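To start, the structure itself, in structure tokens.
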Amino acid sequence: MMSCIRCGACCTSFGVCITPADIRHISSATGMPPAKFVDTVQDYPGRERTEPALRIGGEMQILVLKRSPSNVCFFYSPEGCKIYAHRPLLCRTYPFKKDMRDMLSRPCPSGWMPEGKERKQYEKDIKNYEKELQSFQKFAKEWNSGGGGSLSELLSVISKS
Ligand code: SF4
Ligand code: SF4
């Protein structure tokens with residue numbers, strides 16, 4: 001079976017949802033303050049991802065990676081991901097979700113499925129992602145029930161947690 005052909009379509013087509021663990025990980029690996037690479041988009045009904053929405057500036061928002069002026073991921077370059085070793089959980093598991101099912105938003109042919117060691121790594125990353133989502137849900141519940149706050153307040157709480 002084929003493997004990911006590193007065409008970059010997934011890095012250039014969508015916003016990338018991120019979790020608090022992703023933010024801490026990228027910030028500590030790159031030395032960048034979270035405000036440099038974190039953005040938000042307004043929550044919307046019927047989305048596929050299950051990252052919780054957070055009350056930011058009085059509105060329900062989703063945390064995503066910033067996009068460049070040409071509307072591709074902030075960390076994308078034609079040579080590849082600039083933070084590959086530290087990329088978010090969504091990037092590690094894309095285009096699969098639980099039980100190695102295809103994401104609905106998959107932009108590449110659904111003919112490829114990792115095998116052997118690569119598949120095991122995907123399965124492990126998907127498990128880590130599910131675990132992080134549970135902890136993110138808990139965090140969001142506490143943040144939202146406290147009335148939320150600004151993005152910089154949120155990033156400061158995430159950085160310290
Ligand atoms: S996951 Fe699919 S869209 Fe993304 S780089 Fe691999 S083949 Fe391309
Ligand atoms: S962080 Fe890297 S792998 Fe993830 S969308 Fe951006 S460029 Fe692609």
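The values are calculated or read from the model by the stated rules, or taken from the named source; none is laboratory data. What you see is a predicted model, and the numbers here were worked out from it, not measured in a lab. As a convention, Cβ positions derive from the backbone with ideal geometry for all residues, glycine included, and neighbour counts pool all protein chains shown.
For the criterion of being surrounded by 12 or more Cβ atoms within 10 Å (Cβ to Cβ) and within 12 Å of ligand 2 (Cβ to nearest atom), ALA9 passes.
Taking the criterion of being within 21 Å of ILE18 (Cβ to Cβ) and either away from ligand 1 (no atom under 11 Å from the Cβ) or part of a helix (DSSP H, G or I) (or both), the residues of the range 93-122 that qualify are THR93, LYS97, LYS98, LEU104, GLN121, TYR122. Scanning the range 75-92 for residues that are more than 12 Å from ligand 1 (Cβ to nearest atom), buried (at least 20 other Cβ atoms within 10 Å of the Cβ) and part of a helix (DSSP H, G or I) gives a single hit, LEU89.
Just to check your reading of the model, which residue among LYS117, LYS98, LYS124, LYS131 is in contact (Cβ under 8 Å) with a residue 12 or more places away in the chain, exposed (fewer than 14 other Cβ atoms within 10 Å of the Cβ) and either within 16 Å of ligand 2 (Cβ to nearest atom) or more than 23 Å from THR12 (Cβ to Cβ) (or both)? Please lay out each step first, then the result.
Details: LYS117 fails: in contact (Cβ under 8 Å) with a residue 12 or more places away in the chain; LYS124 fails: in contact (Cβ under 8 Å) with a residue 12 or more places away in the chain; LYS131 fails: in contact (Cβ under 8 Å) with a residue 12 or more places away in the chain.
Within the list LYS117, LYS98, LYS124, LYS131, the selection yields LYS98.
Does the range 12-34 contain any residue that is buried (at least 16 other Cβ atoms within 10 Å of the Cβ), more than 10 Å from ligand 2 (Cβ to nearest atom) and more than 20 Å from ASP125 (Cα to Cα)? Let's see the steps before the verdict.
As a first pass, look at the range 12-34 and keep what is buried (at least 16 other Cβ atoms within 10 Å of the Cβ): 12, 14-23, 25-27, 34.
With the extra rule that they be more than 10 Å from ligand 2 (Cβ to nearest atom), the set shrinks to 17, 19-21, 23, 25, 27, 34.
Filter again for more than 20 Å from ASP125 (Cα to Cα), leaving 34.
Yes, the range 12-34 contains at least one residue that is buried (at least 16 other Cβ atoms within 10 Å of the Cβ), more than 10 Å from ligand 2 (Cβ to nearest atom) and more than 20 Å from ASP125 (Cα to Cα).
What's the number of the condition SER70 fails, among (1) assigned to a loop (DSSP other than H, G, I, E, B); (2) over 29 Å from GLY31 (Cα atoms)? Condition (2) is where SER70 drops out.
One residue stands out among those in the range 112-161 that are more than 14 Å from PRO52 (Cβ to Cβ) and polar (S, T, N, Q): the one that is modelled with the lowest pLDDT, which is SER161. Filtered by the rule that a residue be outside any loop (DSSP other than H, G, I, E, B) and surrounded by fewer than 20 Cβ atoms within 10 Å (Cβ to Cβ), the range 35-67 gives ALA35, LYS36, ASP39, THR40, VAL41, GLN42, ARG55, GLU59, MET60, GLN61, ARG67. Pairing each residue of the range 4-18 that is aromatic (Phe, Trp, Tyr) with any residue that is within 8 Å of ligand 2 (Cβ to nearest atom), provided the two are 6+ apart or on different chains, yields C-beta distances under 9 Å for PHE14/CYS73. Within the range 36-49, at least one residue is within 16 Å of ligand 1 (Cβ to nearest atom) and in contact with a Cys (Cβ under 6 Å, 6 or more places away or on another chain).
For the range 11-23, name all the residues that are under 12 Å from the mean Cα position of the chain (by Cα) and outside any strand (DSSP E or B).
Here is the first cut: in the range 11-23, the ones under 12 Å from the mean Cα position of the chain (by Cα) are 11, 14-23.
Residues satisfying the conditions are CYS11, PHE14, GLY15, VAL16, ILE18, THR19, PRO20, ALA21, ASP22, ILE23.
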